[in-house]
Amino acid sequence: MQQIIKSVSIALQNIKANPLHTFLSTLGIIIGVASLVAILALGDGLEQTGRKQIESTTSVQMMRVVPKTVDVLNEVRVPRDTVYEFRIDDAREIEQQVQQWGYTELLSQSSRLATFKDSSFAIYIQATLENAPNFTDDEVVGSYLTRTDIENKALKVLLTRSLALKWTDNPEGMIGETLTFENSNYEIIGIVNTDSQGAQAMIPMSTYQEWVSNTNAPALMFKSRKIEDLPAMRSTVEGWLDQNYEEGKEAFNVMTYEGRVEQLSQGILVFKLVMGAITGISVLVGGIGIMNVLLISVTERTKEIGIRKATGARKKDIVLQFISESVTISIVGSIVGWVVGVLGVFGMVGVINRFTNFDFQAALSVGTVIVVLIIAVLIGMIFGTYPAWKAANLTPVDAIRHE
């Protein structure tokens, strides 16, 4: 360890003694590392931005479980003999098993003709449990359905603002009024402010199954609080299906948006690998520059090497000294390259945000620092081997006589 520290000290002294020569020789590795840092940081930032874009356009934390109505045999769709249907009790049961990761909802929808006062419109009746607000960021004016409403099959309804505006210019004024469809009167208890332009009305799932005719089979909906928890939630749900239904999960379609995130990650990985291979050429040139510096150093210090060998220095001591110097120079060049790369990334991010509509941010991860450190050590060891070997094989007599 003491010899390594001494070798590093000598390398730093050589850098100070010939700063311009060392800088020009390590310019290749500085440019290569700077380019690599920029690519990794921009790649990580692009992946994060892509994830945010996907999350804003699709519910990547959502999972939908629907009973299959057909099987595909010999590329022909054949109606299934057994089509399962979820009940409220089923939703309550699986809810207990996945609540540590997120939320559960039972959802179904049908279209009906609804009347408010003397005016009628075709609307979508959406049947839910009390957890629906957890699945969106929509604001509810008034109140939403409660667990008691579900248990009592309450004749209560919420309207989306876009639907309420079809009847009145004052949607909040409809709260407490009555909406009629399927020969039943429903109390309007709230208005949902949503980006959706659909004419939707939400009622309790129990009421839907009891009072609305020809209803569609409901689907189980799940939403994880974190996207990382979705695989565990999916595994638990599939295990529950296998345990509670004769045909298990094969009788259901379990759908998520994980594939889109995975496709994005794979695309970014290909980008990093291709661009990393290109910038690797600069790093290779930088390694050759370091080897050049050390070969010159061997020539300049031949007499010193001969004296060291004559006084008992072994081959491995000489090899260790020059490899330590090589690694030191490589690390110094990589640090400079890392700083240049970071500064370049900030400039590129500013340009990208100026010409795009979304807030792009580069991501400087610990992995990027580790990659740069590994590259520095490998370049130093690989390109320092030959100069170290050449120095170690000098005979003491010839080295001392060298002018």
Practice prompt. Look at Gly198 and say whether it is assigned by TED's automatic domain parsing to the domain that holds Tyr124 and modelled with pLDDT under 90.
Written response: yes
For Leu230, the lone unmet condition from (1) within 30 Å of Thr128 (Cβ to Cβ); (2) out of contact with any Gly (no Cβ under 9 Å at 6 or more places or on another chain); (3) at pLDDT below 90; (4) among the aliphatic types (A, V, I, L, M) is (2)
Flagged in the stretch 329-364 as part of a helix (DSSP H, G or I), under 20 Å from Leu36 (Cβ atoms) and of a type in the set (S, T, N, Q), in numbering order, are Ser330, Ser334
When every residue in the stretch 70-89 that is in contact with a Ser or Thr (Cβ under 8 Å, 6 or more places away or on another chain) and outside any loop (DSSP other than H, G, I, E, B) is compared, the one farthest from Thr104 (Cα to Cα) is Pro79
Within the stretch 192-216, residues without any contact (Cβ under 8 Å) to a residue 60 or more places away in the chain, buried (at least 16 other Cβ atoms within 10 Å of the Cβ) and not in a loop (DSSP other than H, G, I, E, B) come out as Val192, Trp211
Of Ile189, Ile123, Ile150, the only residue that is in contact (Cβ under 8 Å) with a residue 24 or more places away in the chain and either outside the structural domain of Met202 (by TED's automatic domain parsing) or part of a helix (DSSP H, G or I) (or both) is Ile150
Given (1) modelled with pLDDT of 90 or more; (2) over 25 Å from the mean Cα position of the chain (by Cα), Thr104 misses just (2)
Got at least one residue in the stretch 217-224 being in contact with a strand residue (DSSP E or B) (Cβ under 7 Å, 6 or more places away or on another chain), loosely packed, with under 14 Cβ neighbours inside 10 Å and touching a residue at least 40 places away in the same chain (Cβ under 8 Å)?
-> yes
Filter pass, Gln126 being closer than 30 Å to Gly239 by Cα and either surrounded by fewer than 19 Cβ atoms within 10 Å (Cβ to Cβ) or aliphatic (A, V, I, L, M) (or both):
no
Restricting the stretch 149-171 to residues that are among the acidic types (Asp, Glu) and more than 18 Å from Ser119 (Cβ to Cβ), the one surrounded by the most Cβ atoms within 10 Å (Cβ to Cβ) turns out to be Asp149
message: Considering only the stretch 324-332, I want to know if a residue exists there that is of a type in the set (Asp, Glu) and either closer than 30 Å to Asn393 by Cβ or not assigned by TED's automatic domain parsing to the domain that holds Trp389 (or both).
response: yes
Of the residues in the stretch 42-99, those that are hydrophobic (A, V, I, L, M, F, W, C), modelled with pLDDT of 90 or more and in contact with a helix residue (DSSP H, G or I) (Cβ under 7 Å, 6 or more places away or on another chain) number 4
Within the stretch 180-187, identify whether any single residue is under 36 Å from the mean Cα position of the chain (by Cα), closer than 23 Å to Ile88 by Cβ, of a type in the set (Phe, Trp, Tyr) and surrounded by 14 or more Cβ atoms within 10 Å (Cβ to Cβ), and answer yes or no. no
Only one of (1) surrounded by fewer than 17 Cβ atoms within 10 Å (Cβ to Cβ); (2) part of a loop (DSSP other than H, G, I, E, B) does not apply to Tyr144, and that is (1)
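The values are calculated or read from the model by the stated rules, or taken from the named source; none is laboratory data. Given the structure is predicted, the values throughout are model-derived calculations rather than measurements. Neighbour counts run over all protein chains shown; Cβ positions are idealised from the backbone, glycine included.
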